[in-house]
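Have a look at the structure below before the remarks.
The values are calculated or read from the model by the stated rules, or taken from the named source; none is laboratory data. Everything quoted here is computed from the prediction, not taken from an experiment. Cβ placement follows ideal geometry from the backbone for every residue including glycine, while neighbour counts extend to all protein chains displayed. The area values use the complete protein model at the heavy-atom level, side chains included, leaving out ligands, DNA and RNA. Shrake-Rupley method; radii C 1.70, N 1.55, O 1.52, S 1.80 Å.
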Amino acid sequence: MEQTYTAEEFKEKMYSNLKVRPSDSVILMCSIFIASIGLNMNSIPIIIGAMLISPLMTPILSIGLALSLYDMKLLRAGVRLLLVQVAVSLTVATIYFAISPITYASNEIIARTEPTIWDVIIAFAGGTAGIIGAQKKMSNNIVPGVAIATALMPPLCTVGYSIATWNVDYLIGSSYLFVINCAFIAIATFIGVKFMGISQVLTKQDANHKKSIDFSLPCLS
């Protein structure tokens with residue numbers, strides 16, 4: 001039995017995962033709420049628990065795949081879902097920090113406002129692990145592990161904290177960190193898809209499909 005998806009199956013899987021589902025939005029809201037509490041209380045275990053249930057990796061991996069395939073439909077679907085998820089996350093985080101009795105910035109919040117080169121390296125490595133894990137049919141903990149390593153949720157929570165407290169410096173730093181993570185996960189996915197030959201297989205299939213359609217068209221005399 002095949003342990004990994006074929007190129008076509010993998011592409012179809014990505015398409016099916018990019019639908020905006022109410023259940024996924026509720027999971028995301030719970031995740032961002034838990035992560036916000038963890039940042040607020042300076043609790044690393046709570047933050048890790050929030051990242052384990054976060055669905056944020058899916059659209060970013062899809063964006064990387066779409067770029068490698070030059071698939072604008074998949075790219076639009078991935079960007080749309082990512083924007084929806086970011087909007088939901090920021091709304092929940094901002095509301096939480098606006099009503100939270102703890103108003104000072106914890107060490108965990110401050111740590112997400114000053115991106116370093118290590119964040120780039122971690123995001124790239126995480127994206128590489130993520131695309132490999134996503135191609136496996138068997139249940140595995142690679143994607144949740146990537147969510148922990150690249151820390152997508154805490155930067156978004158920190159952006160929400162920055163909005164709630166009107167802290168422009170924190171807003172810029174945390175937003176930059178989130179963009180870095182997203183960008184380098186997508187770049188690693190792009191390279192991984194090329195390296196694993198997924199894009200070559202799908203491109204060849206599309207070319208053969210177009211060729212078969214051309215041959216099936218009646219000739220006009």
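For V193, V88, V26, the ranking by accessible surface with the largest value first comes to V26, V88, V193, using a 1.4 Å probe. Note that the range 1-59 presents 52 Å² accessible area per residue, ligands and nucleic acids not counted, probe 1.4 Å. Spacing of the modelled spin labels on T91 and Y104, each 7 Å from Cα toward Cβ, amounts to 3.3 nm.
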